[in-house]
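S.K.: Please see the structure below; I have some questions.
The values are calculated or read from the model by the stated rules, or taken from the named source; none is laboratory data. Since we're looking at a predicted model, the values are computed, not measured. Cβ sites come from the backbone with ideal geometry, for glycine too, and all protein chains shown count toward neighbours.
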Amino acid sequence: MAGNKKHMFMRGYWKNLIISFLLSTPITAAVYFWLLQPANFISNRYIAAAILIWIVLAVGIFCVLRRIKQKIASIDQQFFVITMLLSIITAFLLGYFVIGIENTPYNLFILPKHSLVIENTSENENDVIELVYLHSGLADESFSKFIMDGSWTRVESSLIAQGTQKASLHYEGWLAEKPVLGFQAQPNGGRVNIYWDGQLEQVSLYSSLPYEKHVSKTIENPISNKLPVLIMGILTIAIGLFSLILLLAKTPISFIVSVSFLISYLLFFIYPVFLNSVHVMQFFSYVPVGNPIGLDLDTILRNVREFLSSPTYTKNLPYPPFAYAFYAPLTFLDRYTAYGIVTILNILCYFFITLIFPIRTSKKSSVPSLLMLILVTGLFSFGFQFELERGQFDLITMFLCFLSIFIFHHHKKHRFWAYILFTMSVQLKLYPAIFIFMFIDDWSDWRGNIIRFASLGAASFCALFILGFNTFSNFLNSMTKFTGNPFVSVKNHSIQSFTRHPVEYRPFGIFFQNPSRVEIILLIVVFICFGLILIRAYRQKYAGINPYLLLACTLVALLIPTTSHDYTLSFLAAPIAILFTDRKMINKTAERIKPFFVQLLIYFSIAYSSTLFSYTNKPLPISNNFPALMVMLIILTFFSFATNFDSTIKNNNS
């Protein structure tokens, strides 16, 4: 019996030891190639440091495995397998699309070396050849790496050869991508023959005015050099995700969300600002500043003044006619006073929809910590600051929309005012029209719901003529023009802008050859997700404000318009706060999809928290917020189908 126990112990010992070295190997390799490896030389000191890290990691993982072996044994096998698969898939997507093979460091151990020869071929005794630098494509190379033949002179930071004497420089080493030679061109510059791996390039350095002349050559290195490094990085990300998910599996939801926010903070603030490749703290102009401040408000007020002074005003009107009537009182004030009033209103509206609205709908007596996290981070978010800087009125619009939804569900006697407020919100900006699906309290009353929808639709349509038919016609022409020619920008997270980005802002590293076809596919995906959430809400017969449907309406309102600037993200915090404060729904969701709820919640929270940061802080492939919003919508669809409320759930305050 004792022999069997010893055999089992030794078996578990060797198993943990093998797992420890298998896990520590890709992590160590990734740390070395991505963080430790010098740009253009192999250092024995850094190799020794990597070996030490490998040993420490292996010992640390081995000790941890021994301490938590009972916890690991208690983990459901289905959860274990699903977590592993999702971690690998997520790591692959991040490595392939976000990091990309082009941003992966070279493996200097197997990177092929190249030859470079520079020969003086000057024909005049007064000619001077001056080499300023060589950038190998990896880093600036020291002149000590050159083998000098002939009379070369080192002067400060240059190598100089004079006259017609034979002189040459030989370099044997790494050349990658597009190495550059820097020469000083001048009136007596002379001529040189440059041999790139034996291929001759003749260069004249004569110039009437002195300047630094760059000579470059494209060097093709096999992709197989970078691929192992990228694979090590992907495996490291997968191991990190897998460990993080196992660690968070039985923690409170608020803690999971907080950790996800912290990950976004590290990725999109700490890393680009402090840990960047240029080793200088970066001060990004993360909000595209207009001059003067409140540029959009100033444009609206100017259009209103021109409209009031000329009944035949025919200038493009990008907003519904009611918006100009709504802002007409501000035309009697100076522009800075008007901007101050709109700014204060926006801040008050933000606090209502993100703090008061979630508390009242969830019937909380105190403010949950998760709600405060969403509220405070939203106050410092890029979208909110962009909204204030432009003097926009999306928060005012959504305040009216959310207030109308609250009155409809919680104060039935005053539903007439809910309809008025909703119509006003649609007349300020058209996208709140999608929230008409929130005006359902009895999902089985088809006739009543259709009549309500038709009445609200008719009222909203008639309100478009509030300033006359000519103004409506002008607005319609403007809408047709803007829809047909969307504003393509990294600051526009609409589907059309995402698919039509220029090459330098390739979304997810992809340049769409046929954007129209991709737009149709993405639209279909959006409508399928929204339709599934709507169907689920109908089957649940949930009476009250359904957090999933509210957030789905918000995401559709952000994605569908052809122009949807990032300042519209300012009101995204409100439905997120409502979803996370409805703990009953979240707990139900967690119970139904335990095997991968933590993963989805982490991805959902990271996707949302990434929208809090400006495009200046993100890698180009994910600088546009469309991918994050799509990920949220898809995961939200899974969440909605994971809940299972019966039809007796009612809103007690109705």
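S.K.: Does any residue of segment 481-497 turn out to be modelled with pLDDT of 85 or more, assigned by TED's automatic domain parsing to the domain that holds Ile440 and hydrophobic (A, V, I, L, M, F, W, C)?
M.R.: Checked segment 481-497: at least one residue is modelled with pLDDT of 85 or more, assigned by TED's automatic domain parsing to the domain that holds Ile440 and hydrophobic (A, V, I, L, M, F, W, C).
S.K.: Here's something else I'd like to know. In segment 234-258, which residues are polar (S, T, N, Q) and either assigned to a helix (DSSP H, G or I) or buried (at least 20 other Cβ atoms within 10 Å of the Cβ) (or both)?
M.R.: Thr236, Ser243, Ser254, Ser258
S.K.: Could you tell me whether any residue of segment 118-136 is closer than 30 Å to Ser623 by Cα, surrounded by fewer than 20 Cβ atoms within 10 Å (Cβ to Cβ) and not hydroxyl-bearing (Ser, Thr, Tyr)?
M.R.: Yes, that holds for at least one residue.
S.K.: Which is in a helix (DSSP H, G or I) and crowded, with 18+ Cβ neighbours inside 10 Å, of Ile407, Ile341, Ile356, Ile347?
M.R.: Being in a helix (DSSP H, G or I) and crowded, with 18+ Cβ neighbours inside 10 Å holds for just one of Ile407, Ile341, Ile356, Ile347, which is Ile407.
S.K.: Also, quick follow-up: Quick one: is Gly383 crowded, with 22+ Cβ neighbours inside 10 Å and at positive phi?
M.R.: no
S.K.: Across segment 77-117, which residue is surrounded by the fewest Cβ atoms within 10 Å (Cβ to Cβ) among those that are hydroxyl-bearing (Ser, Thr, Tyr) and closer than 30 Å to Met148 by Cα?
M.R.: Ranking the candidates gives Ser115 first.
S.K.: Working only within segment 324-341, note down all residues that are at pLDDT 95 or above and under 23 Å from Ala463 (Cβ atoms).
M.R.: Across segment 324-341, there are no qualifying residues.
S.K.: Another one. Quick check: anything in segment 156-166 surrounded by 13 or more Cβ atoms within 10 Å (Cβ to Cβ), among the charged types (D, E, K, R) and out of contact with any helix residue (DSSP H, G or I) (no Cβ under 8 Å at 6 or more places or on another chain)?
M.R.: no
S.K.: Would you check if there is a residue in segment 74-81 being touching a Phe, Trp or Tyr at 6+ places or on another chain (Cβ under 7 Å), part of a helix (DSSP H, G or I) and more than 30 Å from Asn193 (Cα to Cα)?
M.R.: Taking segment 74-81 first, the residues touching a Phe, Trp or Tyr at 6+ places or on another chain (Cβ under 7 Å) are none.
The answer is no, given that none of the residues of segment 74-81 is touching a Phe, Trp or Tyr at 6+ places or on another chain (Cβ under 7 Å), part of a helix (DSSP H, G or I) and more than 30 Å from Asn193 (Cα to Cα).
S.K.: Taking only pairs six or more apart or across chains, which ones have beta-carbon atoms under 6 Å, a first residue in segment 1-26 that is more than 14 Å from Val56 (Cα to Cα) and at pLDDT below 90, and a second residue that is assigned to a helix (DSSP H, G or I) and aliphatic (A, V, I, L, M)?
M.R.: Asn16/Leu65
One line per residue, one yes/no per condition, for (1) under 30 Å from Ala167 (Cα atoms); (2) touching a Gly at 6+ places or on another chain (Cβ under 6 Å); (3) not assigned by TED's automatic domain parsing to the domain that holds Val631:
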| position | (1), (2), (3) |
| --- | --- |
| Cys63 | no, no, yes |
| Ile82 | no, no, yes |
| Ile118 | yes, no, yes |
| Ile129 | yes, yes, yes |
| Ser136 | yes, no, yes |
| Gly150 | yes, no, yes |
| Thr153 | yes, no, yes |
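S.K.: Given Pro288, Pro272, Pro292, which one is over 20 Å from Lys618 (Cα atoms) and out of contact with any strand residue (DSSP E or B) (no Cβ under 7 Å at 6 or more places or on another chain)?
M.R.: Pro292
S.K.: Next question. For the structure I just gave you, tell me whether Ile263 is exposed (fewer than 14 other Cβ atoms within 10 Å of the Cβ), modelled with pLDDT of 85 or more, β-branched (Val, Ile, Thr) and under 23 Å from Asn624 (Cβ atoms). It would help to see each step written out before you state the result.
M.R.: On the way: exposed (fewer than 14 other Cβ atoms within 10 Å of the Cβ): no; modelled with pLDDT of 85 or more: yes; β-branched (Val, Ile, Thr): yes; under 23 Å from Asn624 (Cβ atoms): yes.
Taking the combined requirement at face value, the residue does not satisfy it.
S.K.: A further question on this structure: I'd like to know if segment 389-396 contains one or more residues that are assigned to a helix (DSSP H, G or I), over 21 Å from Ser564 (Cβ atoms) and in contact (Cβ under 8 Å) with a residue 40 or more places away in the chain.
M.R.: no
S.K.: Of the residues that make up segment 426-439, is at least one within 20 Å of Phe406 (Cα to Cα) and free of Cβ contacts under 8 Å to residues at least 24 places away in the same chain?
M.R.: yes
S.K.: Looking at Pro329, Pro288, Pro318, which one is in the same structural domain as Leu569 (by TED's automatic domain parsing) and assigned to a loop (DSSP other than H, G, I, E, B)?
M.R.: Answer to the selection: Pro318.
The rows are residues; the columns are (1) out of contact with any Phe, Trp or Tyr (no Cβ under 7 Å at 6 or more places or on another chain); (2) under 20 Å from Tyr206 (Cβ atoms).
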{"residue": "Phe146", "(1), (2)": "no, no"}
{"residue": "Ser151", "(1), (2)": "yes, no"}
{"residue": "Trp174", "(1), (2)": "yes, no"}
{"residue": "Gln184", "(1), (2)": "yes, yes"}
